[in-house]
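What follows is one structure encoded as structure tokens, with my remarks underneath.
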Amino acid sequence: MTVPPQGDDAAKKDKDVPPPSYRSLAAPVANPVDKFALLPAFLKVRGLVKEHIDSFNYFITRGIRNIIQANNRIEARNDPNIYLRYTNVHVGTPSVQVDYKVEEITPHFCRLTDRTYSAPIKVDIEYTVGKQHELQFKRNVLIGYMPIMLRSYACILHGKDEAELARLGECPLDPGGYFIVKGTEKVILIQEQLSKNRIIIDTDSKGRVIASVTSSTHEIKSKTVITLDKEKIYLQLNQFTKPIPIIVVMKAMGMESDQEVVQMVGRDPRYGDLLFPSIQECASERIYTQQQALQYMDEKVTYPGAGNQKEGRSKSILRDVFIAHVPVKNGNFRQKCIYTGVMLRRMMDAILNANTFDDKDYVGNKRLELSGQLISLLFEDLFKTMNSQAVELMNKNSDKTRSSPSDFSQLIKHESITSGLERAISTGNWDIKRFRMHRKGVSQVLSRLSYMASLGYMTRITPQFEKTRKTSGPRALQPSQWGMLCPCDTPEGEACGLTKNLALLTHVTTDQEEGPLMNLCKSLGVEDLSLLSGEEIHAPGSFLVMFNGLILGKHRQPQTFANAMRNLRRSGKIGEFVSIFVNEKQHCIHIASDGGRVCRPLIIADKGISRVKEHHMKELRDGVRSFDDFLRDGLIEYLDVNEENNALIALYEHVDQDDVERSSITHIEIEPLSILGVVSGLIPYPHHNQSPRNTYQCAMGKQAMGNIAYNQLFRADSLLYLLVYAQRPLLTTKTIELVGYDKLGAGQNATVAVMGYSGYDIEDAIVMNKSSLDRGFGRCIAMKKYTVIKEYYGEGVSDRIAKPQRDKDGALVKQNMRALDEDGIAAPGQIIRNHDVYVNKQSPKVIDRRGAGAPLMDRDYKDSPAIYKGVDGETTVVDRVMLCSDTNEKLSIKCIIRHTRRPEVGDKFSSRHGQKGVCGTIVQQEDFPFSERGICPDLIMNPHGFPSRMTIGKMIELIGGKAGVSCGRFHYGSAFGEPSGNADKVEDISNTLIKHGFSYNGKDFLYSGILGHPLEAYIFMGPIYYQKLKHMVLDKMHARASGPRVLLTRQPTEGRSRDGGLRLGEMERDCLIAYGASMLIFERLLLSSDPYQVQVCRKCGLLGYYNYKLKTSYCSMCKNGENMAKMRLPYACKLLFQELQSMNVVPRLKLTEG
Amino acid sequence: MDRPAAGSSYQRFPRVRIRELKDDYAKFELRDTDASIANALRRVMIAEVPTVAIDLVEIEVNSSVLNDEFIAHRLGLIPLTSAAAMQMRFSRDCDACDGDGSCEYCSVEFNLSARATDSDQTLEVTSNDLRSADPKVCPVDQARAYQLALSGNDYDPNAERGILIVKLRRGQELRLRAIARKGIGKDHAKWSPAATVTFMYEPDILINEELMDTLTFDEKRSWVESSPTK
């Protein structure tokens, strides 16, 4: 790529304007339009998590209405005149009902009081009452509470400005898009799945060519597979025990003539050849008519018996299950026949020409299921359950009392929807009976470890299939995910490449109404299928028009049709997310308006010339034009992955590429940095790094401590890490500014010297300057929430909080109550140490007090205090104490305990380039190297970190940061930003450095701090943004000499939290055996673990006991005390023997003299 | 410098010439010695010159947005005038108070009391709000303001805004008692008297006059122009 000299050209043009020639017109535009401003405009309109919010908005405004309308009437079984009809539905504002009073609630209130942020779903109904079936109407009937997504239309935060949000206790930078259920923030992750209702040609595990369609309608989900097995084609459906020859299926659907079948597939003799064996097989079975075919199929049905006996099982399967999304109108199977024909044709195409196979990993074949869709599935199920329950109750009532049939409005119970929705979101288990769907982990707790972590959660996409598969295909980077899914942000390990993240500008579509679009297609010249013969359908030059997977008809001029549709879209006559994709290979035009497609905005270019001109951008900057105006004026449009294949997208308008005809460019990228996601967007110069390093940083950026939200100090997270002096990175990117990371940073700019020092910096360890730590570098606050619930046992019996006991001088009786206030709860601001009491709770000794009349006295209570378990020698402080009543109306006391920590040896730090390291040692400032200007680094990093990692971006960050501090301007390092000026070039940075008296290469002349002599090399030194990661030694260090044991086995406990022992495991044991240190093994495995003295009877070999009174051993088996021997064995061994004995297995010990 | 004769002492007589001396800046020449002495001086200046800094903070009321430790840490880093530090005792070996560090010989008490009352403006609590019990020890910018006020010439009380400790919103309050103690930079950077200390070798430039004569006037001029220190 070459950038033309800009200033000169413009100046020349002003002087004398030459007549336009072909050359001058084809020449690159001299002044490129600065399109960057579109990005913030886009994000302003759509927000960072627009797809979640859009999807939920769609559900509460339209989706819920469609569901109610589809199931709007319920009637009694024995008398259809008793009925209830839903006429309208709406979701109210979030509120809670307290003692018959409705109170509006705010999200923050819900977070603090462990409530669910939900709004009532209200319906208008008409129903019949009494024997005369009088029609009655009722408005605003509650059918349940719906958890509300924050910042959606139903949320009170919708459309609020910063000041109003602050008043509601909300952080303006918080993107919303999650739910609050029982006080915890839950995200419904984006689910990725193969697109529904589309033909996928693939090979199965045995290498057979298959065409499969997963049909999905409101009623049913089914999978139809057509396989080519031994040159014959079969249909596979779960409802049939055996594969059915496809010709039989065609005949069963009424296409009895073989010629017609062949015509449906196509007249090319090659198709005929491939179809011949199947036709022959059908003939050999002597199936010639529809009747015979259906009879043949009836025998193969999996569960014969139930079902529609009149028309035959197989016919109803063909109608309702086989490619279920293709409608059968009035028993006319023609549409299904044509669809099957197209499936066969696609299959044969794939056999004849291997490159027409579909790629399952292709993003265009994927659909993303968002929270709105998931909740709508769940809601429909719950709504139907509620209705059927009402019908059942009605039936039961009318069976019992014939006299007065009750009315339906009394039988609608709102608890089932409320609890069903709440349970699903809080557990993440999505159980939908209709589709036999049981999904786990659909919703997850929103991580509030850092701002980036929570943003990362909102853009995460989880895969549907299991993670254990070793296949590399779905894990690999797909070319089609360019601009849609972030190429960097994926976890390492088992979910690598399967869990993905959305890119910055990606939008996920919601469903759009199909009817008008279909009509539009028809009026644009799509010929209806029912009028066409098989011959005409596949006539050369005509293209099939597929609309959301359905065959709509055919069109003779595909390009004209596609252009017409696109022009309608650009002018806003049809939805902006409708995609029109001409597939030349398949001779198809795919029109899609379904939900879950990923798409992104692009600037439209006419023959390579951008429609967005400088004056448009000026209007945008002046605030008279918004992003939506760009859309409306047809300057920008959304393309989905499929339609991108019909486009030629240039990065920059003014940049020529050698092998691309300029006039064939149809679109221009808004900004190249938008191919990255939110989390990878904070890496400076990511395009200079080795790719895995960016991936590592994406994982680590989520563990970095910093500021979480503006309301972080008022939140009640169970664990909160904050950085005391969080800074904004010196070397920023445009993404950082867009997402607000500059306002909620998670790191500090440290002056780093790249050199070896002291030997405590090997293996990525870093050496830290003690004075820097004294001044607050890396200092963090850890806040932990401890909840105590004042239990209520019924009948006035409950726990109580007692004030600390004092003697007559007023001194505390127990020293560990020093943190307590007079109300028995720790006082905010008090220093609290290990083993101190923070809530002095007392419980009644006897819980069941039925019949006992007298009130509880002091002696009826026993102490059950909440004791703080901290680290000895650390000073922790009670930050806040919050009292509230939880959902069960019990008093819950939340104490938040704060601990300020300074970095220590072993704490983990990382730069933004996947270069993590632990603090190796902390060195006095005077021992640190220093420059002639007096600059002394904050930390020293070993240069061996560079050659193998190849993180050039970090080096550029260093010199860019250095130039930044010396000239006083934040430098930029956006991805691929050099040509557009969104990243500073190294050359410019070097010039800045020279201007401020530094070496152009960022190296400094340093003196040794210990000896005072100049170091023998120039040292690469400058500021790098360092993150402190959540892994700290203090939380992990553990050692024990002796300590608690497990009750059952008498072996040491396990784990740090239980002060457990350190296990000498199997491998360590192997080493000791190999070495021959048998006594050491003996000591470790027996003496240091669970030694036990037993009495063994030498005769019967069983364990006896020792009678301490008589001072003799006794064998209870032999009934005497002779032949007893003492021995030591592990208690676990003794336990095993006894357990075996309890199962009638007799373990006998045979002793010999040792 | 004359070399000592064989057998005589290696004792040298370093000389110091002060080039520049301001309240917050000093620059001097050190001669007749080597880099190790210069470095020793540097190390001592950073780490071993005793100063006074706030070491213990008792917070009575703190309803600000910053937590107690945060404020205590910020207070500690405020530079105090430490001319009296040499007369003070280290708290750890003070007999007057048995080392608990709260007597007049080893400590100075500070008080701070601030409350944002009316107005929608935030109140900035700075080092100027610290009230010292001992006039000899106070935040350096207070001392400078005092001196400027004494000298009387063009003293602008708004110029010395002090070091910001915390900003208070209406209704928030901060009231505390702080004890400043003597200490050295080795223990904590807050007792380090210097922001930074560095040295460099003075370059000894010898000009080859003979070669210089071969240059033209323009070349000489550009040679002079190329001086980095110009």
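The values are calculated or read from the model by the stated rules, or taken from the named source; none is laboratory data. Please read all numbers here as calculations on a predicted model, not as lab measurements. When we count neighbours, we look across all protein chains shown, and the Cβ atoms used for this are built from the backbone with ideal geometry, even at glycine. Keep in mind that these areas ignore ligands, DNA and RNA; they rest on the heavy atoms of the full protein, side chains included. Shrake-Rupley method; radii C 1.70, N 1.55, O 1.52, S 1.80 Å.
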Log entry, pairs with first residue in the stretch A:145-165 being touching a residue at least 60 places away in the same chain (Cβ under 8 Å) and more than 25 Å from A:MET386 (Cβ to Cβ), second being in a loop (DSSP other than H, G, I, E, B) and open to solvent by 10 Å² or more (accessible area, probe 1.4 Å), beta carbons closer than 7 Å, six or more apart or on different chains, reads A:ARG151/A:HIS158; A:ILE156/A:THR93; A:ILE156/A:THR106
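Condition check: surrounded by 18 or more Cβ atoms within 10 Å (Cβ to Cβ) and assigned to a helix (DSSP H, G or I). Does A:MET546 satisfy that?
no
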Hits in the stretch A:56-101 - residues which are touching a Pro at 6+ places or on another chain (Cβ under 9 Å) and of a type in the set (Gly, Ala, Ser): A:ALA76, A:GLY92, A:SER95
Which one is nearest to A:PHE179 (Cα to Cα) among residues in the stretch A:51-71 that are in a helix (DSSP H, G or I), open to solvent by 20 Å² or more (accessible area, probe 1.4 Å) and not hydroxyl-bearing (Ser, Thr, Tyr)? A:ILE53
Note down all Cβ pairs under 7 Å where the first residue falls in the stretch B:188-216 and is within 14 Å of chain A (Cβ to nearest Cβ) and in a loop (DSSP other than H, G, I, E, B), the second is open to solvent by 100 Å² or more (accessible area, probe 1.4 Å) and not hydrophobic (A, V, I, L, M, F, W, C), and they're at least six residues apart or on different chains. B:THR198/A:ARG933
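Only one of these is more than 30 Å from A:PRO1023 (Cα to Cα), in contact with a helix residue (DSSP H, G or I) (Cβ under 9 Å, 6 or more places away or on another chain) and buried (at least 18 other Cβ atoms within 10 Å of the Cβ): A:ILE708, A:ILE683, A:ILE665, A:ILE670. Name it. Break it down stepwise before answering.
On the way: A:ILE708 fails: more than 30 Å from A:PRO1023 (Cα to Cα); A:ILE683 fails: more than 30 Å from A:PRO1023 (Cα to Cα); A:ILE665 fails: in contact with a helix residue (DSSP H, G or I) (Cβ under 9 Å, 6 or more places away or on another chain).
Going through A:ILE708, A:ILE683, A:ILE665, A:ILE670 in turn, just one is more than 30 Å from A:PRO1023 (Cα to Cα), in contact with a helix residue (DSSP H, G or I) (Cβ under 9 Å, 6 or more places away or on another chain) and buried (at least 18 other Cβ atoms within 10 Å of the Cβ): A:ILE670.
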If A:ILE323 satisfies every condition in (1) modelled with pLDDT under 85; (2) open to solvent by less than 10 Å² (accessible area, probe 1.4 Å); (3) within 43 Å of the chain's Cα centre (by Cα) but one, which is the exception? (1)
What strands (runs of 3 or more DSSP E) lie completely within the stretch A:726-796 and have 1 or more residues being within 14 Å of another protein chain (Cβ to nearest Cβ) and of a type in the set (A, V, I, L, M, F, W, C)? A:766-769, A:780-790
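In the stretch A:683-693, which residues are of a type outside the set (S, T, N, Q) and either assigned by TED's automatic domain parsing to the domain that holds A:LEU738 or closer than 15 Å to A:GLN915 by Cβ (or both)? Can you show your working first?
Step one: of the stretch A:683-693, the residues of a type outside the set (S, T, N, Q) are A:683-688, A:692-693.
Hits for the stretch A:683-693 are A:ILE683, A:PRO684, A:TYR685, A:PRO686, A:HIS688, A:PRO692, A:ARG693.
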Given the conditions (1) away from chain A (no Cβ under 14 Å); (2) buried (at least 16 other Cβ atoms within 10 Å of the Cβ); (3) charged (D, E, K, R), report the number of the one that B:ARG92 does not fulfil. (2)
A:LYS995 passes all but one of the listed conditions (1) open to solvent by 10 Å² or more (accessible area, probe 1.4 Å); (2) within 14 Å of chain B (Cβ to nearest Cβ); (3) touching a residue at least 40 places away in the same chain (Cβ under 8 Å); the exception is number (3)
Conditions (1) open to solvent by less than 70 Å² (accessible area, probe 1.4 Å); (2) without any contact (Cβ under 8 Å) to a residue 12 or more places away in the chain; (3) within 24 Å of A:LEU1085 (Cα to Cα) -> A:LEU1047 fails only (1)
Would you list the strands (runs of 3 or more DSSP E) that sit entirely within the stretch A:567-620 and hold 2 or more residues that are in contact with a His (Cβ under 7 Å, 6 or more places away or on another chain)? A:579-583, A:598-606
Looking at A:GLU1153, A:GLU1122, A:GLU1139, which one is closer than 21 Å to A:ARG1045 by Cα, free of Cβ contacts under 8 Å to residues at least 40 places away in the same chain and among the charged types (D, E, K, R)? A:GLU1139
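Can you give me the ranges of the helices (runs of 4 or more DSSP H) entirely in the stretch A:626-702 with at least 3 residues that are among the hydrophobic types (A, V, I, L, M, F, W, C)?
Once the helices (runs of 4 or more DSSP H) in the stretch A:626-702 are filtered for at least 3 residues that are among the hydrophobic types (A, V, I, L, M, F, W, C), what remains is A:627-632, A:691-701.
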Quick check on the stretch A:1052-1072. Is at least one of its residues within 14 Å of another protein chain (Cβ to nearest Cβ) and within 26 Å of A:LYS908 (Cβ to Cβ)? no
Near pairs, Cβ below 7 angstrom, 6+ apart or cross-chain, from the stretch B:32-46 (within 8 Å of chain A (Cβ to nearest Cβ)) to any residue that is in a helix (DSSP H, G or I): B:ARG43/A:GLU926; B:ILE46/A:GLN925; B:ILE46/A:GLU926
So A:THR113 passes all but one of these: (1) more than 28 Å from A:HIS507 (Cα to Cα); (2) open to solvent by 30 Å² or more (accessible area, probe 1.4 Å). Which condition number does it fail? (2)
Can you spot a residue in the stretch A:711-727 that is of a type in the set (Phe, Trp, Tyr) and out of contact with any Cys (no Cβ under 7 Å at 6 or more places or on another chain)? yes
Which residue pairs have Cβ atoms closer than 7 Å, lie 6 or more positions apart in sequence or on different chains, and pair a first residue in the stretch A:377-388 that is in contact (Cβ under 8 Å) with a residue 12 or more places away in the chain with a second residue that is among the hydroxyl-bearing types (Ser, Thr, Tyr) and open to solvent by 10 Å² or more (accessible area, probe 1.4 Å)? A:LEU382/A:SER416; A:THR385/A:SER416; A:MET386/A:SER416
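Could you tell me whether A:GLY917 is touching a residue at least 40 places away in the same chain (Cβ under 8 Å) and either open to solvent by 20 Å² or more (accessible area, probe 1.4 Å) or among the small types (Gly, Ala, Ser) (or both)?
Values: touching a residue at least 40 places away in the same chain (Cβ under 8 Å): yes; either open to solvent by 20 Å² or more (accessible area, probe 1.4 Å) or among the small types (Gly, Ala, Ser) (or both): yes.
In short, yes.
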Is the stretch A:442-457 home to any residue that is under 30 Å from A:ASN646 (Cβ atoms) and in contact with a Gly (Cβ under 6 Å, 6 or more places away or on another chain)? no
Kindly list the number of the only condition in (1) within 14 Å of another protein chain (Cβ to nearest Cβ); (2) under 20 Å from A:GLY747 (Cβ atoms); (3) hydroxyl-bearing (Ser, Thr, Tyr) that fails for A:TYR1000. (2)
Looking at the stretch A:471-493, is at least one residue surrounded by fewer than 19 Cβ atoms within 10 Å (Cβ to Cβ) and in contact with a strand residue (DSSP E or B) (Cβ under 7 Å, 6 or more places away or on another chain)? no
Would you check which residues across the stretch A:1007-1034 are of a type outside the set (Ser, Thr, Tyr), outside any strand (DSSP E or B) and without any contact (Cβ under 8 Å) to a residue 40 or more places away in the chain and list them? A:LEU1011, A:GLY1012, A:HIS1013, A:GLU1016
Scan the stretch A:72-84 for residues that are of a type outside the set (Val, Ile, Thr), touching a residue at least 24 places away in the same chain (Cβ under 8 Å) and crowded, with 16+ Cβ neighbours inside 10 Å and jot them down. A:GLU75, A:ALA76, A:TYR83, A:LEU84
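Show me the strands (runs of 3 or more DSSP E) found entirely inside the stretch A:126-200 where at least 1 residues are more than 29 Å from A:ILE68 (Cβ to Cβ).
Those strands (runs of 3 or more DSSP E) span A:184-188, A:190-194.
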